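Q: The structure is given below, and queries will be raised subsequently.
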Amino acid sequence: MTDESSKRIHDLEQQILQIFADVIFIEVTSNDLNLIEEGLLDSLVFVDLIMSLQERFQIELSIADLEFEQFQSVRHIANYMSQQLDPGGAESSPPPTDDIRREAAES
């Protein structure tokens, strides 16, 4: 991860923490706190969070395409939002699978 992308993730984490504090009224004590296991993120809070993220970042998120695990911590949410805000960025591309590596080696 480059310094620029690290800074972007950090900035996103701060904004997400602010959403939790100011909009959802939940204090999150760590960017790595598992929000699901701690019982802080249930289905109602999840919908509020999605709506707040869409409003804050002026982006459309399809609830049907979301995976709850992507939102297990502030750090996970920041990484997900970074990918949504810059879908073509090299940092957001998933690592190649073995099938893709195998195909590239064969060509």
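Q: Enumerate the pairs (first residue in the stretch 41-60 and within 13 Å of Met81 (Cβ to Cβ); second residue anywhere and loosely packed, with under 11 Cβ neighbours inside 10 Å) with beta-carbon separation below 7 Å, excluding pairs fewer than 6 apart on the same chain, so at least 6 apart or on different chains.
A: Going by the 7 Å Cβ cut-off, the qualifying pairs are Ile50/Ile63; Gln54/Glu60.
Q: Which of (1) surrounded by 10 or more Cβ atoms within 10 Å (Cβ to Cβ); (2) at pLDDT 90 or above does Glu60 not meet, given it meets every other one?
A: Of the numbered conditions (1) surrounded by 10 or more Cβ atoms within 10 Å (Cβ to Cβ); (2) at pLDDT 90 or above, the odd one out for Glu60 is (1).
Q: Restricting attention to the stretch 20-47, which residues are surrounded by fewer than 16 Cβ atoms within 10 Å (Cβ to Cβ), under 16 Å from the mean Cα position of the chain (by Cα) and not in a loop (DSSP other than H, G, I, E, B)?
A: Val47
Q: Identify all residues within the stretch 70-107 that are surrounded by 10 or more Cβ atoms within 10 Å (Cβ to Cβ), modelled with pLDDT under 90 and either in contact with a Pro (Cβ under 6 Å, 6 or more places away or on another chain) or not in a loop (DSSP other than H, G, I, E, B) (or both); write none if there are none.
A: Result: Glu91, Ser92, Ile100, Arg101, Arg102, Glu103.
The values are calculated or read from the model by the stated rules, or taken from the named source; none is laboratory data. All figures in this text were calculated on a predicted structure; none of them were measured in a lab. Cβ coordinates were reconstructed from backbone atoms using ideal geometry, including for glycine residues, and neighbour counts include every protein chain displayed.
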